[in-house]
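What follows is a single structure, written as structure tokens, with notes after it.
The values are calculated or read from the model by the stated rules, or taken from the named source; none is laboratory data. A quick note: this is a predicted structure, and the numbers were derived from the prediction, not measured. With ideal geometry, Cβ positions are generated from the backbone for all residues, glycine too; neighbour counts draw on all protein chains shown.
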Amino acid sequence: MAQLSPLVYWSQTKQTLQLKVDLKDAKGAIADFSPVSVAFSANGHGARGVNAYKFDLHFYALIDDENATFVVNDNKIELQIKKLEPAWWPRLVATPQKPHWLKIDFDRWRTEDDVELEEAPRDVRQDYEKEYKDLQRRELGYVKEKTKKVYLMFYNLAMFVGYLYVVSVMGVLYYRDGSDSITKTYAHVGNAFKFIQLLQYLEVMHPLFGYTKGSPLVPFFQVSGRNFILFLMIELEPRMHAKPVVFYVFIIWSLVELIRYPFYLSQLLGREVGLLTWLRYTIWIPLYPMGIVCEGIIVLRNIPYIEETKRFTVEMPNKLNFTFDMVLFLKLYLLLLILPGTYLVMSHMSKLRAKKLGRGRGKRRQLHAD
């Protein structure tokens with residue numbers, strides 16, 4: 001069955017692009033932005049009646065995909081996109097031939113006054129990306145992939161397999177021994193979990209070396225927060241190994257990653273899986289609060305153990321003339337985890353969800369071009 005594309009109207013300013021998708025009563029709208037393209041899909045009433053519609057656009061130049069958004073209204077869907085570098089584009093798409101369903105939005109159309117548009121030299125492999133790959137596959141028998149893409153694919157696959165192993169072992173043990181297996185969770189999968197959690201520090205290095213976008217601080221704090229719980233609160237306190245809360249926190253962490261890594265793999269392969277995208281940006285809603293509660297319980301249970309053993313506590317007198325109260329630190333950590341920590345994490349994920357899955361139905365916004 002042929003792919004149905006809706007009518008799409010576009011306009012621009014020197015800094016932005018506006019796309020208006022002619023779909024009424026749209027449901028399940030997804031817009032997946034990359035620096036060079038957008039993949040859109042939704043169900044709604046378009047030129048061919050009520051159907052599933054989708055389209056892919058490869059832009060003339062780079063866009064700021066991190067700040068691209070879209071809004072679903074009753075009679076249309078509006079995509080707001082910032083150009084990476086301010087400039088007037090001679091056309092929207094990379095290739096000179098535009099899709100038949102792509103139209104100019106004359107109501108919003110602006111031109112660059114008294115300036116002749118000159119096209120910069122372009123790489124034919126970008127203009128005809130699909131055709132180039134097909135030609136390369138026929139000539140070589142395979143498509144050459146960049147080293148970093150191959151590495152990221154292996155990394156995400158390895159991490160998925162690691163978490164799948166942990167969940168599988170926990171599931172088999174629970175099926176065999178019932179609730180008795182809960183207290184033996186750390187004994188059976190603790191070492192494997194420590195290994196894959198340490199491997200996650202590679203995600204701090206990826207943005208530093210340009211393998212992924214974003215700041216290294218975000219993955220650093222996320223991974224370090226988990227490893228603080230895993231190594232300092234569980235591993236170094238043997239009495240915590242048999243606590244049921246360890247079973248639950250392992251399950252919650254693993255379920256998050258069993259969705260996240262396949263989603264990253266699908267993005268690397270250029271495959272948009274609607275259900276996987278929805279799960280990636282929805283499953284955190286129940287799992288993140290549950291994980292924060294479990295982490296808080298682990299910290300709370302450790303406080304009397306730390307008071308008893310004085311572990312990590314530095315008392316006076318000492319050569320450095322320095323004191324550190326680990327119990328006080330854990331209480332402050334617990335307070336920060338519950339109040340601002342929960343808000344920051346949930347609001348960050350909520351913004352990502354709105355960007356990927358849409359903000360829902362909202363009031364019509366008036367857009368003004370420069």
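Filter segment 63-82 down to the residues that are in contact with an Asp or Glu (Cβ under 7 Å, 6 or more places away or on another chain) and within 27 Å of Leu268 (Cα to Cα), then identify the one that is surrounded by the fewest Cβ atoms within 10 Å (Cβ to Cβ). So, considering only residues that are in contact with an Asp or Glu (Cβ under 7 Å, 6 or more places away or on another chain) and within 27 Å of Leu268 (Cα to Cα), the one surrounded by the fewest Cβ atoms within 10 Å (Cβ to Cβ) is Lys82. Of the residues screened, Lys331 is one that is assigned by TED's automatic domain parsing to the domain that holds Arg280 and over 21 Å from Arg280 (Cβ atoms). Residues of segment 196-205 that are in a loop (DSSP other than H, G, I, E, B) and surrounded by 14 or more Cβ atoms within 10 Å (Cβ to Cβ): Gln200 alone. Mind listing whichever residues of segment 237-267 are of a type in the set (A, V, I, L, M) and surrounded by 15 or more Cβ atoms within 10 Å (Cβ to Cβ)? Correct list: Met240, Val245, Val246, Val249, Ile251, Ile252, Leu255, Val256, Leu258, Ile259, Leu265.
Conditions tested, residue by residue: (1) outside the structural domain of Gly341 (by TED's automatic domain parsing); (2) surrounded by 15 or more Cβ atoms within 10 Å (Cβ to Cβ); (3) not aliphatic (A, V, I, L, M).
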residue: Lys184; (1), (2), (3): no, yes, yes
residue: Lys194; (1), (2), (3): no, yes, yes
residue: Pro207; (1), (2), (3): no, yes, yes
residue: Val218; (1), (2), (3): no, no, no
residue: Ser224; (1), (2), (3): no, no, yes
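The single residue among Leu320, Leu330, Leu335 that is modelled with pLDDT under 85 and more than 24 Å from Val38 (Cα to Cα) turns out to be Leu320. Residue by residue through segment 42-58, note down the ones that are touching a residue at least 40 places away in the same chain (Cβ under 8 Å) and either at positive phi or more than 22 Å from the chain's Cα centre (by Cα) (or both). Gly46, Ala47, Arg48, Asn51, Ala52, Tyr53, listed by residue number.
Within the bounds of segment 37-49, is there any residue that is over 25 Å from Arg91 (Cβ atoms), surrounded by 20 or more Cβ atoms within 10 Å (Cβ to Cβ) and not β-branched (Val, Ile, Thr)? Within segment 37-49 (the criterion being over 25 Å from Arg91 (Cβ atoms), surrounded by 20 or more Cβ atoms within 10 Å (Cβ to Cβ) and not β-branched (Val, Ile, Thr)), the answer is yes, since at least one residue qualifies.
Filtering segment 19-36 to residues that are crowded, with 18+ Cβ neighbours inside 10 Å and under 22 Å from Phe106 (Cα atoms) leaves Leu19, Lys20, Val21, Asp22, Leu23. Based on what the data block shows, is Ile303 in the same structural domain as Phe193 (by TED's automatic domain parsing) and either touching a residue at least 60 places away in the same chain (Cβ under 8 Å) or closer than 22 Å to Ile196 by Cα (or both)? So Ile303 does not fit the description; no. Figure legend. Inter-residue proximity from segment 167-183: first residues over 11 Å from Phe247 (Cα atoms), second residues of a type in the set (S, T, N, Q), beta-carbon distance below 7 Å, spacing 6+ or different chains. Indicated pairs: Leu173/Ser181. It is to be established whether one or more residues within segment 338-345 are modelled with pLDDT under 75 and under 30 Å from Gln15 (Cβ atoms). Checking segment 338-345: not a single residue is modelled with pLDDT under 75 and under 30 Å from Gln15 (Cβ atoms).
Would you please name the residue that is surrounded by the most Cβ atoms within 10 Å (Cβ to Cβ), looking only at residues in segment 153-182 that are among the aromatic types (Phe, Trp, Tyr) and over 30 Å from Pro216 (Cα atoms)?
It comes out as Tyr174.
Yes or no: segment 245-266 includes at least one residue that is in contact with a Lys or Arg (Cβ under 6 Å, 6 or more places away or on another chain) and either within 16 Å of Tyr163 (Cα to Cα) or of a type in the set (Lys, Arg) (or both). Yes, segment 245-266 contains a residue that is in contact with a Lys or Arg (Cβ under 6 Å, 6 or more places away or on another chain) and either within 16 Å of Tyr163 (Cα to Cα) or of a type in the set (Lys, Arg) (or both). Note on segment 51-75: residues that are in a strand (DSSP E or B) and of a type in the set (D, E, K, R) total 2.
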